[in-house]
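Each remark here refers to the structure printed beneath this line.
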Amino acid sequence: QVQLVESGGGLVQAGGSLRLSCSASGRTFSGYAIGWFRQAPGKEREFVAAVSWSGDSTTYADSVKGRSTISRDNAKNTVYLQMNSLKPEDTAVYYCAAGVKFTTIANRYTDWGQGTQVTVSS
């Protein structure tokens, strides 16, 4: 099992940037793919971005493609999600998750963090 803690959320104006961090402990972090998901009030959880265990492969939801970058530092057991040009519709709780498979599908991830709130004001 991998324990995950998200940080870096907050309140930002539209057009601003945030860098979310996902710090891991427990089992060997470098063996896991990491995904970011988000859930806005009244909406279902949706995929945002994912990175393979090596960092060589990444994938993004169309809604954030071109505005976000996911990366990982296995030496620091941390995955980052840099989000730029933020929009009010990016407002949500953001979760990171670990899994053995590099995928956009939430239920393929086995370990989840508690989430960090991102609020983008217009």
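The values are calculated or read from the model by the stated rules, or taken from the named source; none is laboratory data. The shown structure was predicted, so the numbers you read here are calculated from the model rather than taken from an experiment. Using ideal geometry, Cβ is built from the backbone for each residue, glycine included, and neighbour counts are taken over all protein chains shown. Keep in mind that these areas ignore ligands, DNA and RNA; they rest on the heavy atoms of the full protein, side chains included. Shrake-Rupley method; radii C 1.70, N 1.55, O 1.52, S 1.80 Å.
Overview of results
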read-out: Any hit, the range 71-89, residues being at positive phi and among the hydroxyl-bearing types (Ser, Thr, Tyr); value: yes
read-out: Residues located in the range 21-35, provided they are assigned to a strand (DSSP E or B) and surrounded by fewer than 24 Cβ atoms within 10 Å (Cβ to Cβ); value: 21, 23, 25, 26, 33
read-out: Entirely in the range 58-122, the strands (runs of 3 or more DSSP E) that have 1 or more residues that are crowded, with 22+ Cβ neighbours inside 10 Å and aromatic (Phe, Trp, Tyr); value: 92-99
read-out: Test result for residue 93, in contact with a Cys (Cβ under 6 Å, 6 or more places away or on another chain), within 16 Å of residue 18 (Cα to Cα) and modelled with pLDDT of 95 or more; value: no
read-out: Residues within the range 36-57 that are aromatic (Phe, Trp, Tyr) and open to solvent by 70 Å² or more (accessible area, probe 1.4 Å), tallied; value: 1
read-out: Condition met for residue 1 (farther than 16 Å from residue 111 by Cα, exposed (fewer than 15 other Cβ atoms within 10 Å of the Cβ) and not small (Gly, Ala, Ser)); value: no
